[in-house]
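The values are calculated or read from the model by the stated rules, or taken from the named source; none is laboratory data. Small disclaimer: the values here were computed from a predicted structure and weren't measured. Positions of Cβ are generated from backbone atoms using ideal geometry, with glycine treated the same way; all protein chains shown enter the neighbour counts. Side chains are part of the model used for accessible areas, which takes the heavy atoms of the whole protein and leaves out ligands, DNA and RNA. Shrake-Rupley method; radii C 1.70, N 1.55, O 1.52, S 1.80 Å.
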Amino acid sequence: AETVNALKPFRWIYPTDYARANYYYGKLLRKHKNETDAMRCFIETLHSHTTDHSILGRTYSNIGEICDYIKKYDMGYDIFLKACECFKKAKDSTLYYGAIYNLSLETAASCQKEKTLFYTQIIEQNCKDSSIINLAYLSKATMYYFCCKQYDSTIYYAEKFLQQFPNDANGYILKAQAFSGLGEKDSAVYYAEIVYKTTDSAKKKYNALYILSHDDTSLNKDDVLKLTSDREDVHRHELDPQYIDKAKAIQLLEQDLNRKPNYPLIIIIAAALTAFTVVTAITAKRIRKKQKRLKHEQLSVKERQKKLERDAAIYERQRNEYLSKLKMQLEDTCRAIRETQDLKNTMKWEFFDEMCAVADLRLMNIATRLKSFGLNEREVRLCVLVMIDGFSGKEIAQNINYAESGIRSLKSKTAKKIGTDSKNLRKTLQNIAIIPD
């Protein structure tokens, strides 16, 4: 009971645990003869939304047994059918064929011969459990007694059943009733006495006392009256606690089966769920659309970045190739100037621009650009000679009319004006010549 109460607030989260707790609690209540409260537990189990088909099948089987006791055979048949379906889903062959046996017993008690034979045939042909096969013999014995009044067949199958279940009162009471039907009173009394002495079932004792009071020829009038009184006491005892309690339990089940759903509440819940589903779907669609757009934008940015990187790499390669070509052309020009016969005369300032223009426009360009650095004529001619290369300090001094001892300091001073040093002067001058502004 504590387990059931503890799990009840969480029955939607742990439906299977809640179902098992109710089932086992119901079983305990049945052992203590409290069928009404047991039925409440079984109903809770059925409403638990559990996926444990084995527990559901066992629950239906217990409910079916209660139906059978108060002779609600049609209801019991429907309940055992549901038990069969559950055990089939649970792939429990033993319990499945046990439920088939219960179906055969229900149909036998309600005089449905064809269905009884159908279910017993299923067991005999497919079941491998000998105990269930022998139980099917009890169904056949019950069928032949109640449906056909074929007492010989009843005795035959009852004996086959008792071979494996020698202490079961069901087989003995059927034999007693069959022998009574055949008029063999001694045998009927013999088996009726066995039933009366060994069984705790009020129903079977009632039937045994009926046979004893009618078929025992050795009894006197007082004994017959005593047996009749005992029979009435058993009947009253049956109807007093146990039978009435089971009937109340079945009444609870019928109320649950006939209970109408709370349609307004269902409609409200359905509307709320529908609204929640629609809002969730719209939100999810917007999020997916936004994610798709952001992804597309990210891809576009990456593609543009890659394109820019490719274009930059191509431009850099082409620029390097172009500058390399210009540098080679400049080197050719410088070599040609170095090989000039009248270089000293050419270096005169009045002829310098003309020589530069004739030799290479880049020399004219560098002469013009060097003036922008604040260089005088001598420093410009020094730079051109350094760029042409191949001249000694003495030759440079002669060509620019400057003292040889001062060439080094002049070169350093000039390099400083254009932002470099003496070692990198020629390279810087080449860049100035070939790289445009």
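How large a share of the accessible area of the chain, in percent, is made up of carbon and sulfur atoms when the probe is 1.4 Å and the other protein chains stay in place?
Numbers: 13760 of 26360 Å².
Ligands and nucleic acids excluded, carbon and sulfur reach 52 percent.
I need the per residue convex hull volume for the stretch 1-94, using only the alpha carbons, in cubic angstrom as a whole number.
On the way: hull volume 8.4 nm³, N = 94.
Looking at the stretch 1-94, the number lands at 89 Å³ per residue.
Surface exposure of the chain, expressed per residue as accessible area with a 1.4 Å probe, stands at 60 Å². Using alpha carbons only, how many angstrom separate the centre of the stretch 97-113 from the centre of the stretch 172-223? Cα centroid of the stretch 97-113 versus Cα centroid of the stretch 172-223: 25 Å apart.
Rounded to the nearest 500, the 222 nm mean residue ellipticity of the chain from helices alone is -26500 deg cm²/dmol, with -39,500 (n - 2.57) taken per DSSP H run of at least 4 residues. Accessible area per residue was computed with a 1.4 Å probe on protein heavy atoms; ARG304 scores about 140 Å². The convex hull drawn around the Cα atoms of the stretch 71-227, when projected onto a plane and averaged over every direction, covers 9.4 nm². Here the chain has an Rg and Dmax of 57.2, 173 Å, counting Cα atoms alone. Helix 151-164: angle to the longest alpha-carbon principal axis of the chain, degrees 0 to 90, nearest 10? Compared with the principal axis, the helix lies near 60 degrees.
To test your reading of the geometry: what angle, between 0 and 90 degrees and rounded to tens, separates the Cα axis of helix 185-198 from the longest principal axis of the chain? It is inclined by approximately 50 degrees.
If the convex hull of the alpha-carbon atoms of the stretch 279-328 is projected onto planes in all directions, what is the mean projected area in square nanometres?
On the way: hull surface 10.9 nm².
It is 2.7 nm².
Between ARG304 and VAL278, what FRET efficiency comes out of the Förster formula 1/(1 + (r/R0)^6) with R0 = 41 Å and r the beta carbon distance, rounded to 0.05? In this case the efficiency is close to 0.60.
Give a quick list of GluC sites (Glu not before Pro) in the stretch 3-87 that DSSP marks as loop, anything other than H, G, I, E or B, with at most 12 other Cβ atoms within 10 Å. Counting only loop positions with at most 12 other Cβ atoms within 10 Å, none of the GluC sites (Glu not before Pro) in the stretch 3-87 qualifies.
With r as the distance between the Cβ atoms of LYS113 and LEU225 and R0 = 51 Å, compute the FRET efficiency 1/(1 + (r/R0)^6) and round to 0.05. Display every interim value, and only then the final one.
On the way: r = 38 Å, r/R0 = 0.75.
Approximately 0.85, to the nearest 0.05.
Cα axis of helix 361-372 to longest principal axis of the chain: angle in degrees, 0 to 90, nearest 10? Result, in degrees: 90.
The ASN401 and SER324 beta-carbon pair, evaluated with R₀ = 51 Å, returns a calculated FRET efficiency of approximately 0.90. Computed from the C-alpha gyration tensor, the three semi-axes of the ellipsoid equivalent to the stretch 20-75 are 18, 14, 8 Å, from longest to shortest.
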